[in-house]
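As structure tokens, the structure follows; a few thoughts come after it.
The values are calculated or read from the model by the stated rules, or taken from the named source; none is laboratory data. A quick note: this is a predicted structure, and the numbers were derived from the prediction, not measured. Glycine also receives a Cβ, built like all others from the backbone with ideal geometry; neighbour counts cover every protein chain displayed. The protein model used for the area step is the full one, side chains on, heavy atoms only, and it has no ligands, DNA or RNA in it. Shrake-Rupley method; radii C 1.70, N 1.55, O 1.52, S 1.80 Å.
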Amino acid sequence: KSFLNFPREVTLSYETSWQIAIDSLKSKPILGSGPGTFFHDFSKFRQADFNLDPLWQIRFDRPLGYFAEIVPTLGILGLLAYLLLAFTALSKALKLKTEILIFPLLAMLIGQAGYYQNTASGFVFWLWLAMIAGLSSREKKVSFAFDQKTLKGRITILIGIITLSLISLAAIFFISRI
């Protein structure tokens, strides 16, 4: 045996992933089934012949390909928002004329089509988008004025947000007890 003989990662096939994505999209096309719910989509929409597969007892929580996860969980609006964000970042990177920004972002998008997004790849993707946004807006100077009027308004808004958050948490807590 070789030292580099690692066990293979068990994943859904590409065809099964997209079959579940399309069937789930038919069920809830606009907003999808909700973030992080591919596990439920898999249980609900897998084909009956999947039970003949050696992996029939495994419940998959993600498909093979991040776009196959976005489609059923976030729906058409989520997919369009994600693609709009990605293509906006690509157009900004093209305007900056730096290949060092364009190629990694394209590689991440192509990788997301064929492989699911884990924490590390998600972090790199969003970091890259943030770097492009930061570099494309570096000519614009932003200043904040902290005078008495704006300070009082900001403190009032902050107290209001904290109060609403506490009321919401208390409501969720007490409603869950019923």
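Here SER24 passes the criteria (1) closer than 13 Å to ALA68 by Cβ; (2) open to solvent by 80 Å² or more (accessible area, probe 1.4 Å) except the one numbered (2).
Scanning the stretch 87-98 for residues that are in a helix (DSSP H, G or I) and either farther than 27 Å from GLY34 by Cβ or touching a helix residue (DSSP H, G or I) at 6+ places or on another chain (Cβ under 7 Å) (or both) gives ALA89, LEU90, SER91, LYS92, ALA93, LEU94, LYS95, LEU96. Restricted to the stretch 38-68, and to residues there that are small (Gly, Ala, Ser) and farther than 13 Å from TYR116 by Cβ, the residue that is least open to solvent (accessible area, probe 1.4 Å) is SER43.
Candidates LEU109, LEU101, LEU105, LEU84: the one that is open to solvent by 60 Å² or more (accessible area, probe 1.4 Å) and assigned to a helix (DSSP H, G or I) is LEU84.
What number of residues in the stretch 10-29 are assigned to a helix (DSSP H, G or I) and aliphatic (A, V, I, L, M)? Counting residues in the stretch 10-29 that are assigned to a helix (DSSP H, G or I) and aliphatic (A, V, I, L, M) gives 4.
Taking residues in the stretch 1-12 that are within 18 Å of TRP56 (Cβ to Cβ), and partners anywhere that are modelled with pLDDT of 70 or more and small (Gly, Ala, Ser), the pairs with Cβ atoms closer than 9 Å and at least 6 places apart or on different chains are THR11/SER17; LEU12/ALA68. Only one of the listed residues (THR156, THR73) is of a type in the set (Ser, Thr, Tyr), assigned to a helix (DSSP H, G or I) and closer than 30 Å to LEU31 by Cα. That residue is THR73.
Could you please give the count of residues in the stretch 116-126 that are part of a helix (DSSP H, G or I) and either surrounded by 11 or more Cβ atoms within 10 Å (Cβ to Cβ) or in contact (Cβ under 8 Å) with a residue 12 or more places away in the chain (or both)? Residues that pass the stated criteria total 6. Evaluate the following for ILE30: is it touching a helix residue (DSSP H, G or I) at 6+ places or on another chain (Cβ under 9 Å), at negative phi and touching a residue at least 40 places away in the same chain (Cβ under 8 Å)? Taking the combined requirement at face value, the residue satisfies it. You will find that of PRO35, PRO7, the residue that is open to solvent by 80 Å² or more (accessible area, probe 1.4 Å), touching a Leu at 6+ places or on another chain (Cβ under 8 Å) and either modelled with pLDDT of 90 or more or part of a loop (DSSP other than H, G, I, E, B) (or both) is PRO35 and no other.
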